[in-house]
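Worksheet: one structure, shown below.
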Amino acid sequence: MTSIERDTPAPRPVTRIRIEPRVNRKPLWTFAMYLAATLFGLLLSALLVWTSGADVIKAFSALLNGAFGSQKAIIASLAKATPLILTGLATVVAFRAQVWSIGQEGQVYAGAMGAYTGYLLFAGLPPALFVSAIVLCGIIGGAVLGALAAILKDRFDVNEIISTVMMNYLIVFLLSWLIGGGPWTEVSTSVVYQQTGPIGEAAHLPALMGSGKLHLGFAFALVSALVCYVVLEKTPLGYEIRALGYNPVALAYRGTNIGRTIILVMILSGAVAGLAGVSEIFGTAHRLRSDTLFNLGYTGIIIGMIGGLRPLGTVAAGIVFGGLSSGALYMKLLAQVPASLVPAMEGILMLTFLCAGVAARYKIVRVKTDG
Amino acid sequence: MTTILRTVNLTKRFPGVIANEDVNFDLQKGEIHCLFGENGAGKSTLSSCLFGFYQPEGGSLELNGEPVKFRSPRDAIHAGIGMVHQHFVLVPDFTVLENIVVGTHEHGWQLGLDEARKRVASLCREYEIDLEPDALVRDLAVGQQQWVEILKALYLGAKVLILDEPSAVLTPEESIRLFRIISHMKELGLSIILISHKMVEVMQSDRVTVLRKGKVVGTVCPDEVTPKELTRMMVGRDIELRVVRDRSNKEAAKEPVLVVGGLSYRDTRDNLMLDQVTLTIGRGEILGLAGVSGNGQKELFEVLSGIIVPGSGNVTLAGERIEGLPSRHYMDRGVGLVPDDRFREGLIPEFGIQENMILGWQRHDDYTQGPFLNHKQIGTIAEGLIDEFRIKAPSADTPVNHLSGGNAQKVILAREFVHSNKLLLANQPTRGLDLGVIEYVYKQIIAKRDEGYAVLLASEELEDLLNLSDRIAVISGGRITGVVDPENTSIEEIGLLMAGERKEAAE
């Protein structure tokens with residue numbers, strides 16, 4: 001207790017409310033909190049839909065059907081979820097270390113650009129090798145951009161929030177030049193569309209389950225989640241990442257090179273985000289354009305937070321949000337709800353989930369004192 | 001004598017804890033009354049109730065025989081009670097006078113400095129306090145800042161003064177001057193409540209109320225009891241630090257483990273924190289480091305454990321020059337570190353005990369299996385250490401921020417003992433711990449010395465250093481002002497060295 005608190009004249013005490021951490025956290029309680037958050041978030045969303053003048057029941061059933069109502073819908077949702085899971089995981093890795101990287105957006109672009117460079121460089125390799133090389137180049141692209149921010153932080157004490165945000169702009173404008181008049185611009189048309197030409201089929205990420213929409217990228221997302229989980233919970237590096245997040249001073253006092261750990265964190269985070277870029281361009285869009293990648297990184301921050309900064313929670317959050325964005329189209333078509341309500345609903349759900357996270361960790365106690 | 005302040009069956013509870021139970025305490029006019037007890041015994045709670053910061057749940061408070069209720073410190077101040085906190089509440093860039101006047105609102109919106117100056121001057125004369133009213137507080141020594149706090153209370157008309165561990169931040173010399181002022185105040189009719197756990201100060205008071213686990217054990221006059229009896233009242237059993245006193249093997253101590261020569265270090269603001277420090281610690285020897293905190297101890301420990309790089313000088317460990325190498329190398333060469341801020345520098349508070357047991361050694365072969373942490377092995381080793389060091393915790397997974405200070409310190413000791421073999425650096429290892437745990441920590445350190453470790457031990461408790469050390473180095477302003485033999489050196493002599501007087505022909 002600081003002396004400043006002691007000197008503050010206490011108001012006439014009746015009942016005071018204090019927030020205390022829960023010592024023994026029960027999984028059931030945590031689950032109940034998240035369930036309540038989901039229901040409350042949906043209720044608020046329903047209100048929003050209602051104010052837009054649409055039929056709430058109809059809108060929600062359209063949303064649900066569009067998201068998970070059929071095999072086709074599920075596949076479309078999982079395809080939408082793929083990059084979100086990956087950028088979410090990139091957030092998890094960085095934020096668990098309390099490295100506040102906002103660079104996922106730029107790293108997605110860097111991943112896509114790295115992969116496209118690989119596509120140009122290694123054309124002619126046997127298909128399996130070709131795709132592997134492209135994926136690897138994408139991973140490297142994201143990792144390099146991540147490492148850059150970490151090196152700036154380590155060497156020159158540059159705040160990572162600022163450096164990553166600035167690099168997001170740099171990389172987006174670099175791509176804009178490359179595909180809007182620069183060397184990667186589609187040459188066959190007379191009008192510049194801000195895109196490359198179509199990517200040859202040999203370089204496409206192979207489809208999963210026969211359908212065209214779900215591709216190898218989804219498998220990458222699941223494997224990445226598993227890798228992130230194992231690294232964070234089961235390895236010395238993960239120990240260092242978590243310790244860095246909780247108390248970097250003690251970690252440094254006991255012989256761990258913090259600068260090196262931060263660089264590793266950002267390489268890992270950037271690599272995973274880069275994979276999201278590869279997956280979108282070579283699995284879904286099949287040509288490199290800016291608007292396909294737009295906002296994936298920033299949404300990933302939300303997904304990672306909703307997932308409780310846990311890899312498996314992030315997969316779940318990614319799938320829910322993939323479903324939302326894929327169902328939004330149906331909702332718009334079938335219930336005449338503006339599609340722009342979907343990001344608003346995502347925002348509402350994020351708020352209620354963050355509240356649930358706090359409710360799961362803390363409790364409110366009433367302290368009674370008489371005057 | 002008349003009773004000025006009295007509590008009758010005062011009880012104060014916090015969720016799950018009874019901090020004060022049926023406390024009966026009385027303060028006579030013109031006495032120094034010491035509240036004596038271990039950390040968590042309820043001294044601070046009781047004084048906070050007297051000062052109106054807490055409101056007791058049961059019992060009553062009487063001032064001059066009339067029942068009173070203080071709803072806030074403001075009420076207590078109006079009733080003539082003043083408190084000097086352990087950590088000062090002063091504005092460094094204000095003058096002494098401004099600090100005294102701030103917040104009094106005597107003249108409404110005006111400061112009324114001229115009138116205040118006269119009153120402060122007369123208070124200084126009356127209580128023989130030597131302070132320049134226009135000096136900036138940040139230019140004052142810590143001891144003088146404390147006088148400002150006392151003046152502040154007197155200015156507000158305090159007749160009862162509560163001093164919370166007043167000597168914790170002072171040199172022995174400054175403590176003596178403080179006690180001179182206190183006894184003068186007493187002669188002038190003020191009543192003083194002194195919160196302390198230092199025997200020297202307890203023995204200087206008129207009466208002592210001993211608290212243990214929130215209850216009053218008894219109120220005694222210091223002339224009628226021995227320090228030993230008082231300690232027993234406080235702890236509930238006998239504690240004898242001197243039992244473990246048994247000097248090291250002088251022959252072994254001649255074999256140097258750590259040799260430090262001409263070490264200097266400037267911090268990022270270019271303050272010279274270490275100035276030509278030269279030290280040697282031998283095998284099986286405890287070198288005590290005495291000094292007022294903030295005189296370079298922390299920097300010395302950080303240099304000697306590889307956390308910061310010295311500007312010049314050399315560090316030789318077992319014949320090998322290692323200055324400037326990263327902390328990893330020091331750890332690998334058998335250097336253990338018990339840092340003074342245990343939760344910030346020694347532990348990951350959110351991690352469990354077992355994870356903290358391997359902090360710094362998470363990549364060691366003993367704790368890994370291939371690329372993975374061997375959680376099973378770590379758990380087994382941690383449970384062994386929890387038993388060995390008698391750490392009280394529900395399980396090996398319990399986060400250390402749920403542990404008491406003593407148990408958290410034992411986690412650090414266990415980890416550093418297991419992973420070192422040559423040199424133990426212990427900076428304030430017993431700060432804030434209960435006497436029982438202090439005794440345990442010292443016994444462990446002595447056991448390591450007997451195993452042949454070289455030990456550097458810094459403590460603010462000079463008595464403890466005199467008891468435990470084979471030699472004592474005194475640091476002041478980043479310089480070693482002397483290295484003395486505890487067998488024939490008095491606390492006063494060490495006090496002079498702590499105040500910066502250099503011992504001629506040291507060593």
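The values are calculated or read from the model by the stated rules, or taken from the named source; none is laboratory data. All of these numbers come straight from a predicted model, not from anything done at the bench. So basically every Cβ, Gly included, is an ideal-geometry build from the backbone, and we count neighbours across all protein chains shown.
For the stretch A:256-293, the set of residues classified as farther than 30 Å from B:I308 by Cα, hydroxyl-bearing (S, T, Y) and over 15 Å from the mean Cα position of the chain (by Cα) consists of A:T284, A:S290, A:T292, listed by residue number.
Which residues, counting only those in the stretch B:430-477, are touching a strand residue (DSSP E or B) at 6+ places or on another chain (Cβ under 8 Å) and either among the small types (G, A, S) or modelled with pLDDT under 85 (or both)? It would help to see each step written out before you state the result.
Kept after step one, since they are touching a strand residue (DSSP E or B) at 6+ places or on another chain (Cβ under 8 Å), are these residues of the stretch B:430-477: B:445-446, B:448-449, B:453-459, B:462, B:465-466, B:468-475, B:477.
The answer is B:A454, B:A458, B:S459, B:L462, B:S469, B:A473, B:G477.
Specify which of the listed residues (B:L178, B:L170) is within 22 Å of the chain's Cα centre (by Cα) and not in a loop (DSSP other than H, G, I, E, B). None of the others qualify; the one that does is B:L178.
Checked against (1) within 14 Å of another protein chain (Cβ to nearest Cβ); (2) farther than 27 Å from B:S44 by Cα, B:E132 passes all but a single condition, namely (1).
To keep it simple, each residue is scored yes or no on (1) out of contact with any Phe, Trp or Tyr (no Cβ under 6 Å at 6 or more places or on another chain); (2) crowded, with 24+ Cβ neighbours inside 10 Å.
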{"position": "A:L43", "(1), (2)": "yes, no"}
{"position": "A:L64", "(1), (2)": "yes, no"}
{"position": "A:T82", "(1), (2)": "no, yes"}
{"position": "A:L89", "(1), (2)": "yes, yes"}
{"position": "A:A94", "(1), (2)": "yes, yes"}
{"position": "A:Q104", "(1), (2)": "yes, yes"}
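Criterion first (surrounded by fewer than 19 Cβ atoms within 10 Å (Cβ to Cβ) and over 22 Å from A:R287 (Cβ atoms)) does A:L237 satisfy it? If you could, list the steps in order and put the result at the bottom.
Details: surrounded by fewer than 19 Cβ atoms within 10 Å (Cβ to Cβ): yes; over 22 Å from A:R287 (Cβ atoms): yes.
Judged against the criteria, A:L237 is a match.
Among the strands (runs of 3 or more DSSP E) confined to the stretch B:225-344, the ones with at least 3 residues that are modelled with pLDDT of 90 or more, in contact with a strand residue (DSSP E or B) (Cβ under 9 Å, 6 or more places away or on another chain) and aliphatic (A, V, I, L, M) are located at B:256-266, B:272-282, B:285-290, B:335-338.
Within the stretch B:205-224, no residue that is outside the structural domain of B:G42 (by TED's automatic domain parsing) sits with its Cβ atom under 9 Å from a residue that is modelled with pLDDT of 90 or more at 6+ positions apart or across chains. Filtering the stretch B:171-201 to residues that are at pLDDT 85 or above and touching a Leu at 6+ places or on another chain (Cβ under 8 Å) leaves B:L178, B:I182, B:M185, B:L190, B:S191, B:I192, B:I193, B:L194, B:I195.
For the stretch B:113-120, check the following and say yes or no: at least one residue is under 16 Å from B:I150 (Cα atoms) and in contact (Cβ under 8 Å) with a residue 60 or more places away in the chain. No, the stretch B:113-120 contains no residue that is under 16 Å from B:I150 (Cα atoms) and in contact (Cβ under 8 Å) with a residue 60 or more places away in the chain. Only a single criterion out of (1) in contact with a helix residue (DSSP H, G or I) (Cβ under 6 Å, 6 or more places away or on another chain); (2) outside any loop (DSSP other than H, G, I, E, B); (3) among the small types (G, A, S) is not satisfied by B:G384, namely (1).
Being loosely packed, with under 14 Cβ neighbours inside 10 Å, at pLDDT below 95 and in contact with a helix residue (DSSP H, G or I) (Cβ under 7 Å, 6 or more places away or on another chain) narrows it down to one residue among B:D397, B:D365; which is it?
Working: B:D365 fails: in contact with a helix residue (DSSP H, G or I) (Cβ under 7 Å, 6 or more places away or on another chain).
The unique qualifying residue is B:D397.
Within the stretch B:171-199, the set of residues being of a type outside the set (K, R), buried (at least 17 other Cβ atoms within 10 Å of the Cβ) and under 22 Å from B:F25 (Cα atoms) comprises B:I182, B:M185, B:L190, B:S191, B:I192, B:I193, B:L194, B:I195, B:S196, B:H197.
Rundown of residues vs (1) over 21 Å from B:G477 (Cβ atoms); (2) surrounded by fewer than 22 Cβ atoms within 10 Å (Cβ to Cβ), yes/no style:
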{"residue": "B:Q276", "(1), (2)": "no, yes"}
{"residue": "B:G296", "(1), (2)": "no, no"}
{"residue": "B:V303", "(1), (2)": "no, no"}
{"residue": "B:P310", "(1), (2)": "no, no"}
{"residue": "B:P326", "(1), (2)": "yes, yes"}
{"residue": "B:V335", "(1), (2)": "yes, no"}
{"residue": "B:R342", "(1), (2)": "yes, no"}
{"residue": "B:G346", "(1), (2)": "yes, no"}
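Report yes if some residue within the stretch B:459-475 is farther than 27 Å from B:R502 by Cα, surrounded by fewer than 24 Cβ atoms within 10 Å (Cβ to Cβ) and either within 15 Å of the chain's Cα centre (by Cα) or without any contact (Cβ under 8 Å) to a residue 12 or more places away in the chain (or both); otherwise report no. Looking for residues that are farther than 27 Å from B:R502 by Cα, surrounded by fewer than 24 Cβ atoms within 10 Å (Cβ to Cβ) and either within 15 Å of the chain's Cα centre (by Cα) or without any contact (Cβ under 8 Å) to a residue 12 or more places away in the chain (or both), one finds none in the stretch B:459-475, hence no.
Take the conditions (1) assigned to a helix (DSSP H, G or I); (2) under 25 Å from the mean Cα position of the chain (by Cα); (3) under 23 Å from A:G274 (Cα atoms); (4) not acidic (D, E); A:Y239 misses just one of them, which is (3).
Take the residues in the stretch A:303-350 that are of a type in the set (S, T, Y) and buried (at least 19 other Cβ atoms within 10 Å of the Cβ); name whichever of them is nearest to the chain's Cα centre (by Cα). Per the criteria, the residue is A:T314.
Sort out for me the strands (runs of 3 or more DSSP E) sitting completely within the stretch B:1-94 that have 1 or more residues that are under 30 Å from B:R431 (Cα atoms) and either within 11 Å of chain A (Cβ to nearest Cβ) or at pLDDT 85 or above (or both). Please lay out each step first, then the result.
Numbers: elements: B:3-14, B:17-28, B:32-36, B:58-63, B:66-68, B:81-84.
It comes to B:3-14, B:17-28, B:32-36, B:81-84.
Per-residue answers, yes or no, for (1) hydroxyl-bearing (S, T, Y); (2) more than 9 Å from every other protein chain (Cβ to nearest Cβ); (3) more than 17 Å from A:L275 (Cα to Cα); (4) buried (at least 18 other Cβ atoms within 10 Å of the Cβ):
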residue: A:A203; (1), (2), (3), (4): no, yes, no, yes
residue: A:F220; (1), (2), (3), (4): no, yes, no, yes
residue: A:S224; (1), (2), (3), (4): yes, yes, no, yes
residue: A:Y246; (1), (2), (3), (4): yes, no, yes, yes
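Within the stretch A:253-266, is there a residue that is within 14 Å of chain B (Cβ to nearest Cβ) and of a type in the set (F, W, Y)? The answer is yes, given that some residue of the stretch A:253-266 is within 14 Å of chain B (Cβ to nearest Cβ) and of a type in the set (F, W, Y). Within the stretch A:149-162, the set of residues being without any contact (Cβ under 8 Å) to a residue 60 or more places away in the chain and of a type in the set (A, V, I, L, M) comprises A:L152, A:V158, A:I162. Under 6 Å between Cβ atoms, which residue pairs at least 6 apart in sequence (or on different chains) link something in the stretch A:226-246 that is hydroxyl-bearing (S, T, Y) with a partner that is buried (at least 18 other Cβ atoms within 10 Å of the Cβ) and assigned to a helix (DSSP H, G or I)? Listed by first residue and then by second, the contacts come to A:Y229/A:P311. Kindly evaluate A:R242 against the criterion of being of a type in the set (D, E, K, R) and more than 11 Å from chain B (Cβ to nearest Cβ). When the stated conditions are applied, A:R242 does not pass them.
For every residue, the table says whether it meets (1) of a type outside the set (A, V, I, L, M); (2) within 7 Å of chain A (Cβ to nearest Cβ); (3) free of Cβ contacts under 8 Å to residues at least 12 places away in the same chain; (4) farther than 21 Å from B:N427 by Cβ.
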residue	(1), (2), (3), (4)
B:L317	no, no, no, no
B:R328	yes, yes, no, no
B:V335	no, no, no, no
B:V338	no, no, no, no
B:R344	yes, yes, yes, no
B:L347	no, yes, no, no
B:I353	no, no, no, yes
B:L359	no, yes, no, no
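Note on the stretch A:1-51: among residues that are modelled with pLDDT under 55 and of a type in the set (D, E), the one that is nearest to B:L50 (Cα to Cα) is A:D7.
Of the residues making up the stretch B:345-359, those that are in contact with a helix residue (DSSP H, G or I) (Cβ under 6 Å, 6 or more places away or on another chain) and not in a helix (DSSP H, G or I) are B:L347, B:I348, B:P349, B:E350, B:I358.
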